[in-house]
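Colleague: Below is a structure I'd like to ask you about.
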Amino acid sequence: MKNTTLLAASLAVGATGAYAGGMDRSGMSISPLFEDGTYVELSFGSVSPDVSGTMPMFGGSGDMTPSYTQLSGAYKRDLSDQISMALIIDQPYGADIDYPDGTGYALAGSNASVNTTAITALLRYKFNENFSVYGGVRNLTSHGEVELPAVGPYGYTMETSTENDWGYVVGAAYEIPDIALRASLTYNSEIDIDFTATEDFSAGAGGAVDTDMPVTMPKSVNFDFQTGIAADTLLMFSARWAEWTETVINPKNYWGAVKDNLVDHDNDTISYSLGVGRRFNEKWSGSLSVGYEKSYGGFAGNLSPRDGYKSITAGLKYNVTEQTAISGGVSYVWVGDANTKISGLETSFEDNTAVGFGLKLSHTF
């Protein structure tokens with residue numbers, strides 16, 4: 001019964017994660033830690049956004065969000081009756097921006113990417129069948145690059161070093177197994193990264209300079225709740241808060257030229273999801289969930305022209321055997337309208353969407 005929750009949680013990430021606050025993508029789920037026995041899973045997601053804006057007198061930006069994929073995996077096992085462990089691999093943060101050439105838009109030809117991979121190692125201690133605590137460490141590998149043809153006389157490029165840094169995770173859970181109730185609260189620490197940024201205003205003519213660029217990835221809190229509400233029917237709710245106002249990307253020479261941060265955030269964010277899971281028979285189960293993140297107004301960044309979202313996710317799970325299952329689903333996202341500003345001129349990004357699908361293979365030994 002409780003495994004129905006994993007379906008909605010993993011499939012919702014694929015599309016809605018692309019438009020959660022800041023650069024959130026995976027949602028940092030620790031749900032494999034609560035599986036029975038020895039358990040493994042592999043997940044694949046693909047997201048196809050369609051985001052464009054219009055600037056008066058200068059036309060449209062064109063679709064500036066290329067498609068991308070998400071991969072994740074997990075391994076969990078019991079070490080004793082009271083202690084269990086889990087290893088989770090995911091891509092918690094990311095960005096992919098590519099403004100098309102030839103549109104006449106002020107940022108035509110600009111592109112940026114942020115790539116991360118996290119390995120999280122967790123231990124859980126059960127006091128009894130109701131109360132447990134858990135914690136562990138997270139290792140984050142990060143890299144980013146940006147190209148802005150309209151900055152400076154020859155354009156601007158920046159590429160960071162690939163860095164490997166550490167954070168930690170702590171949490172607690174309360175369960176009533178008879179009614180499939182579980183409530184968990186998880187704190188993810190901030191992670192400080194000391195990048196070396198290679199900045200170049202010379203169009204590759206030997207003018208690249210290495211500068212120090214510290215960046216803090218945000219601390220966050222996840223609340224996850226589920227409970228049975230009828231035979232073979234599960235209600236699910238989750239909320240995630242992330243302190244994105246602490247994340248600023250500010251290359252030293254870029255700041256000297258334009259007197260502004262490359263990336264910053266005006267608001268911390270809270271993302272919500274509410275869903276229902278239903279087991280139809282011994283082979284099939286399904287889920288339907290909706291997601292929401294508030295729009296805050298003001299101006300968004302040109303490398304993230306969005307403000308909140310609404311989403312709906314539907315999924316199916318098929319138990320191939322008692323031990324092996326395949327899950328699949330699709331998400332549709334209404335991307336929140338946003339305004340950006342370039343040299344005092346505003347661009348309106350409206351009526352944008354994203355579609356994502358996910359597949360997961362899981363096995364219990």
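Colleague: Please verify whether region 201-220 includes one or more residues that are surrounded by fewer than 14 Cβ atoms within 10 Å (Cβ to Cβ), among the hydroxyl-bearing types (Ser, Thr, Tyr) and out of contact with any helix residue (DSSP H, G or I) (no Cβ under 7 Å at 6 or more places or on another chain).
Modeller: No: region 201-220 contains no residue that is surrounded by fewer than 14 Cβ atoms within 10 Å (Cβ to Cβ), among the hydroxyl-bearing types (Ser, Thr, Tyr) and out of contact with any helix residue (DSSP H, G or I) (no Cβ under 7 Å at 6 or more places or on another chain).
Colleague: Let me ask you something else. Any idea which of Lys360, Lys341 is among the basic types (Lys, Arg), surrounded by 18 or more Cβ atoms within 10 Å (Cβ to Cβ) and not in a loop (DSSP other than H, G, I, E, B)?
Modeller: Sole residue among the options that is among the basic types (Lys, Arg), surrounded by 18 or more Cβ atoms within 10 Å (Cβ to Cβ) and not in a loop (DSSP other than H, G, I, E, B): Lys360.
Colleague: Mind listing just one residue for me: the one in region 254-271 that is under 26 Å from Phe225 (Cα atoms) and part of a strand (DSSP E or B) and, of those, nearest to the chain's Cα centre (by Cα)?
Modeller: Ser271
Quick grid of which residues meet (1) without any contact (Cβ under 8 Å) to a residue 60 or more places away in the chain; (2) in a loop (DSSP other than H, G, I, E, B):
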position: Ser273; (1), (2): no, no
position: Gly277; (1), (2): no, no
position: Ser287; (1), (2): no, no
position: Tyr292; (1), (2): yes, no
position: Tyr296; (1), (2): yes, yes
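Okay, residues lined up against (1) of a type in the set (Phe, Trp, Tyr); (2) surrounded by 21 or more Cβ atoms within 10 Å (Cβ to Cβ); (3) closer than 30 Å to Glu175 by Cβ:
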position: Gly286; (1), (2), (3): no, no, yes
position: Ala300; (1), (2), (3): no, yes, no
position: Ser311; (1), (2), (3): no, yes, yes
position: Ser327; (1), (2), (3): no, yes, yes
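Colleague: Moving on to the next point. Filter region 226-241 down to the residues that are more than 25 Å from the chain's Cα centre (by Cα) and of a type in the set (Gly, Ala, Ser), then identify the one that is surrounded by the most Cβ atoms within 10 Å (Cβ to Cβ).
Modeller: Checking each candidate, the answer is Gly228.
Colleague: Return the only residue of Pro49, Pro56 being surrounded by fewer than 21 Cβ atoms within 10 Å (Cβ to Cβ), in contact (Cβ under 8 Å) with a residue 24 or more places away in the chain and more than 30 Å from Asn128 (Cβ to Cβ).
Modeller: Just one listed residue meets the conditions, Pro56.
Colleague: Under the condition of being assigned to a loop (DSSP other than H, G, I, E, B) and of a type in the set (Gly, Ala, Ser), which residue from region 94-112 is surrounded by the most Cβ atoms within 10 Å (Cβ to Cβ)?
Modeller: Ser110
Colleague: Let me ask you something else. Take Ser67 and decide whether it is modelled with pLDDT under 95 and crowded, with 16+ Cβ neighbours inside 10 Å.
Modeller: No: the conditions fail for Ser67.
Colleague: Applying the selection to region 73-93, what residues are touching a residue at least 60 places away in the same chain (Cβ under 8 Å) and crowded, with 21+ Cβ neighbours inside 10 Å?
Modeller: Asp90, Pro92, Tyr93
Colleague: Let me ask something else about it. Restricting attention to region 334-355, does a residue exist that is touching a residue at least 12 places away in the same chain (Cβ under 8 Å), in contact with a helix residue (DSSP H, G or I) (Cβ under 8 Å, 6 or more places away or on another chain), among the aromatic types (Phe, Trp, Tyr) and closer than 25 Å to Tyr272 by Cβ?
Modeller: no
Colleague: If a residue has to be in contact with a helix residue (DSSP H, G or I) (Cβ under 9 Å, 6 or more places away or on another chain) and not in a strand (DSSP E or B) to count, how many in region 113-144 make the cut?
Modeller: 2
Colleague: Can you tell me which residue within region 145-166, out of those that are touching a residue at least 60 places away in the same chain (Cβ under 8 Å) and part of a loop (DSSP other than H, G, I, E, B), is nearest to Thr227 (Cα to Cα)?
Modeller: Val151
Colleague: Is there a residue being touching a His at 6+ places or on another chain (Cβ under 7 Å) and not aromatic (Phe, Trp, Tyr) anywhere in region 39-58?
Modeller: Yes, because at least one residue in region 39-58 is touching a His at 6+ places or on another chain (Cβ under 7 Å) and not aromatic (Phe, Trp, Tyr).
The values are calculated or read from the model by the stated rules, or taken from the named source; none is laboratory data. All values reported here derive from a predicted model rather than from experimental measurement. Please note: Cβ atoms are built from the backbone with ideal geometry, for glycine as well, and neighbour counts cover all protein chains shown.
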